[in-house]
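First up is the structure itself, then whatever we jot down about it.
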Amino acid sequence: MCGIVGFVNSKDQKEIIIERMMDRIVHRGPNSSGKFTDDRVALGFRRLSIIDLEGGSQPIFNEDQTKVIIFNGEIYNFQVLREELIQAGHVFSTHADTEVVLHGYEEWGIDVLQRLRGMFAFAIWDTQKQELFGARDHFGIKPYYYAQMNGSFLFGSEIKSFLPHPDFKKELNQEALKPYLTFQYSPLNGETFFKGVHRLQEGHYYLFNEQGLTIKQYWDADFSVKENHSREEWVDKIDQAVQESIAAHQISDVEVGSFLSSGVDSSYVASVLRPDRSFSIGFDDKTYNEAIEARKLTEKLGLNNTAAVIDGEMSFEAFPLIQYHLDEPDSNPSCVPLYFLANLAAQQVRVVQSGEGADELFAGYAAYGFHTNSKAVRVFAQGLKKLPQNIRFRLGRQIGKMKNFHGRIHLYEATAPAQDFFIGQALVFEEEEALQLLKPTYQKGPSVAEIVAPHYEKVNGLKDEVNKMQYLDLHQWMPKDILLKADKMSMASSLELRVPLLDIEMQKLAQTIPTKYLINQNNTKDVFRQASNRHLPKEWANREKLGFPVPIKAWLKEGTGYEAVKALFESDFAATFFDQTAILQMLEDHRQGKPNLQRKIWTIFTFLTWYKVFFIDESIPEAKEIVYETL
């Protein structure tokens with residue numbers, strides 16, 4: 001696990017500039033660094049040593065020094081590919097997975113991407129062609145950004161690494177704010193909150209040469225082909241796949257631990273992995289403590305668990321640093337405990353496995369159509385799903401217009417077209433609400449419908465609406481929120497996070513499972529839960545999904561939290577973006593008990609914190625020593 005950064009131009013002082021850019025991502029690789037420069041390119045690398053501790057330093061060259069690579073991630077099938085390449089005549093100078101990608105590109109060209117199993121973001125410079133080849137893994141587990149400014153092409157693992165480059169112009173992308181208020185993360189299909197800075201999309205590669213930049217997709221999810229197996233056979237296949245993937249993700253020359261919450265996904269991973277160390281975090285909140293719940297499981301499984309508790313004061317003190325590491329504002333409250341959890345684990349291990357990805361692959365979200373505790377309603381809804389599509393859609397739209405009754409939302413989402421109601425796993429502000437709060441300059445930007453439309457267009461031919469929702473989440477929610485915060489929050493503490501439930505082999509299996517086995521009258525991700533039952537205490541597999549419960553509702557009413565938010569809402573620069581009277585009234589309304597305002601306040605507060613870090617203070621927030629209360 002590492003960080004990469006680089007640029008292409010014909011200007012001088014490349015060594016000085018690339019060193020400054022590398023310094024900005026030292027947290028991604030504190031063990032060593034390396035660089036390569038010539039007349040056209042500068043490549044920089046920060047290393048967190050995981051595999052081939054002595055010999056895996058980068059950049060790495062091919063045999064005749066005509067190609068050089070910098071690489072971030074892990075290739076879990078690199079040993080098999082290495083043997084194949086040796087048989088083909090390639091000579092290796094290291095035992096690192098990075099070199100397999102380089103020789104694979106020599107041997108197979110761009111088709112090397114079809115052979116890789118893992119998480120990756122890399123760049124290969126061909127000195128003969130004067131061409132840069134870069135790619136991002138299938139799901140976007142590893143981040144990848146690029147920009148073309150003032151005669152330079154810049155790329156890297158984190159946007160902040162571009163800041164020291166003399167050709168980089170730091171400017172707010174005004175069109176990003178309005179949709180952010182709805183989605184809670186930066187949802188644009190390409191461009192980020194920094195104008196001119198783009199994400200390389202998941203499953204894509206690029207070529208940059210004298211003719212310019214070319215970007216193409218090399219992989220996409222395909223839910224069109226379903227296989228016919230019994231429920232028990234699917235449970236068998238899933239459990240076999242999970243065990244195999246967790247084993248593949250164990251490859252390392254250092255100890256591999258695991259994150260552990262009270263949910264089924266991380267619990268499944270920990271129960272199969274049986275790590276020497278697992279880690280949990282909770283809040284000093286009386287209603288629910290994730291760490292205490294997770295501790296109950298580790299006691300039953302006999303695991304060595306380190307659990308700690310954090311509070312609101314610690315969270316607000318760290319929040320500017322959290323937003324700095326995220327690069328773009330993300331108001332998912334779980335960013336806070338994830339930051340502390342990674343910090344806690346990094347004190348003992350360099351690598352952890354975690355449970356991200358199972359909800360998207362195996363339909364684990366209630367938003368896919370599981371909104372009632374009534375078994376009768378759920379059974380009735382399953383029956384309605386069997387109606388012909390045109391009749392089902394017409395019925396669903398009629399239910400959507402009805403006055404509310406018990407089970408209405410469940411029946412509506414079981415029958416209506418996904419595109420009518422589903423934009424992903426977060427909806428903070430309705431678009432009209434956002435427009436009322438924003439100053440005119442920031443009311444532009446693509447609509448929610450325009451953002452999700454390209455994804456729905458690609459799966460328009462699918463018969464199953466749940467698969468359409470999964471596809472949208474695979475390209476929106478997962479890479480731009482879930483995976484982004486997982487990578488950035490773990491790397492903030494120089495910790496490698498692996499996601500064995502989100503693996504290309506897991507996806508190949510999951511996309512062939514008929515939806516009736518995933519979300520039905522029994523539960524969400526039904527057969528996945530049944531597979532986990534083979535390893536977990538029975539009550540664990542059917543637990544309600546909680547995510548990372550964060551007590552922001554209480555934080556925003558008094559003390560440190562209330563004062564911090566109020567100070568930002570009253571700041572001069574807040575009035576640049578928002579109706580200041582309205583947002584301050586929202587904070588006071590929440591304090592007086594008006595319901596359902598905490599996520600809206602938190603989303604505005606998050607943006608203002610991020611903006612202050614990057615555009616007002618323009619300095620790296622102080623990282624203070626964290627003292628944990630352990631359980």
**Prompt:** For the range 367-475, what relative contact order do you get, as a whole percent, if you take Cα pairs closer than 8 Å and at least 6 residues apart?
**Reply:** 28 percent
**Prompt:** When ranked by the protection proxy of mean other Cβ atoms within 10 Å per residue, highest first, what sequence do the peptides 133-142, 407-416 form?
**Reply:** 133-142, 407-416
**Message:** I'm checking a number: the convex hull volume of the Cα atoms of the chain, normalised per residue, in Å³. What is it?
**Reply:** 155 Å³
**Fill in**
Here D for the range 367-475, in µm²/s, from Stokes-Einstein with a Kirkwood Rh over Cα pairs at 10 °C and 1.306 mPa s, works out to 103 µm²/s
**Item:** Quarter of the Cα convex hull surface for the range 552-618, i.e. its orientation-mean projected area (nm²)
**Value:** 4.1 nm²
**Request:** Starting with the fewest neighbours, write out HIS27, HIS249 ranked by other beta-carbon atoms found within 10 Å of each beta-carbon.
**Result:** HIS27, HIS249
**Message:** One quarter of the convex hull surface, Cα atoms only: what value does that give for the range 62-126 in nm²?
**Reply:** 3.9 nm²
**Asked** What is the Å³ per residue value for the convex hull set by the Cα atoms of the range 157-314?
**Response** 260 Å³
**Asked** Quick one: which of 254-264, 581-591 comes out on top by average Cβ neighbours within 10 Å, and what's the full order, highest first?
**Response** 254-264, 581-591
**Request:** Note down the net charge around GLN174, summing +1 for each Lys or Arg and -1 for each Asp or Glu among other residues with Cβ under 12 Å from its Cβ.
**Result:** +1
**Prompt:** Roughly speaking, what is the stretch gain from MET402 to ARG591, that is 0.36 nm per residue apart minus the C-alpha to C-alpha distance, in nm to one decimal?
**Reply:** 64.7 nm
**Prompt:** Could the peptides 615-623, 67-75, 162-170 be put in order, highest first, of the mean number of other beta-carbon atoms found within 10 Å of their residues?
**Reply:** 67-75, 162-170, 615-623
**At q = 0.24 Å⁻¹, base-10 log of I(q)/I(0) for the range 365-427 (Debye sum, equal scatterers on each alpha carbon)** = -1.06
**Request:** For every other residue with a beta carbon closer than 13 angstrom to the beta carbon of GLY400, add +1 if it is Lys or Arg and -1 if Asp or Glu, then tell me the sum.
**Result:** +4
**Prompt:** Going by how many other beta carbons lie within 10 Å of each one, how would you line up LEU536, LEU474, fewest first?
**Reply:** LEU536, LEU474
**Message:** Explain nothing, just the number: relative contact order of the chain, from Cα pairs under 8 Å at least 6 residues apart, as a whole percent.
**Reply:** 16 percent
**Fill in**
Computed on Cα atoms, Rg of the range 37-189 relative to 2.2 N^0.38 Å comes out at 1.16
**Message:** Please rank SER374, SER354, fewest neighbouring Cβ atoms within 10 Å first, as an exposure proxy.
**Reply:** SER374, SER354
**Item:** Cα pair distances in the range 239-301, grouped into 10 Å bins until the bin that holds the longest one, percent each
**Value:** 21, 48, 25, 6, 0
**Fill in**
Over 20 Å (Cα to Cα) among LYS385/LYS538; LYS216/LYS458; LYS386/LYS463; LYS403/LYS468; LYS375/LYS401 -> LYS385/LYS538; LYS403/LYS468; LYS375/LYS401
**Fill in**
Given a Förster distance of 25 Å, the FRET efficiency implied by the Cβ-Cβ spacing of LYS444 and ASP420, rounded to the nearest 0.05, works out to 0.50
**Asked** Per-residue HN-Hα couplings for the range 14-22, Karplus 6.51 cos²θ - 1.76 cosθ + 1.60 at θ = phi - 60°, whole Hz, x for Gly and Pro?
**Response** 4, 5, 5, 5, 5, 4, 5, 5, 5
**Request:** Return the loop-located trypsin sites (Lys or Arg not before Pro) in the range 455-551 (DSSP other than H, G, I, E, B) with at most 12 other Cβ atoms within 10 Å of their own Cβ; answer none if there are none.
**Result:** LYS463
**Asked** When the Debye formula is applied to the Cα atoms of the range 138-233, each taken as the same point scatterer, what base-10 log of I(q)/I(0) results at q = 0.19, 0.21, 0.23 Å⁻¹?
**Response** -1.01, -1.17, -1.30
**Kirkwood Rh and Cα Rg combined as Rg over Rh, evaluated for the range 1-96** = 1.00
**Item:** Whole-Hz ³J(HN,Hα) from phi, Karplus 6.51 cos²θ - 1.76 cosθ + 1.60, for the range 568-579, glycine and proline x
**Value:** 5, 5, 8, 5, 4, 6, 4, 5, 5, 9, 10, 5
**Fill in**
Quarter of the surface of the C-alpha convex hull for the range 482-563, i.e. direction-averaged projected area in nm², equals 8.8 nm²
**Asked** Could you name the aspartates and glutamates in cross-link range of LYS508, using Cα to Cα under 12 Å and dropping any fewer than eight places away on the same chain?
**Response** ASP220, ASP222, GLU227
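Since every read-out is calculated from the coordinates, none of them should be taken as a lab result. Everything numeric in this text was worked out from a predicted model, so none of it was measured. FYI the Cβ positions are ideal-geometry reconstructions off the backbone, even for glycines, and counts take in every protein chain you see.
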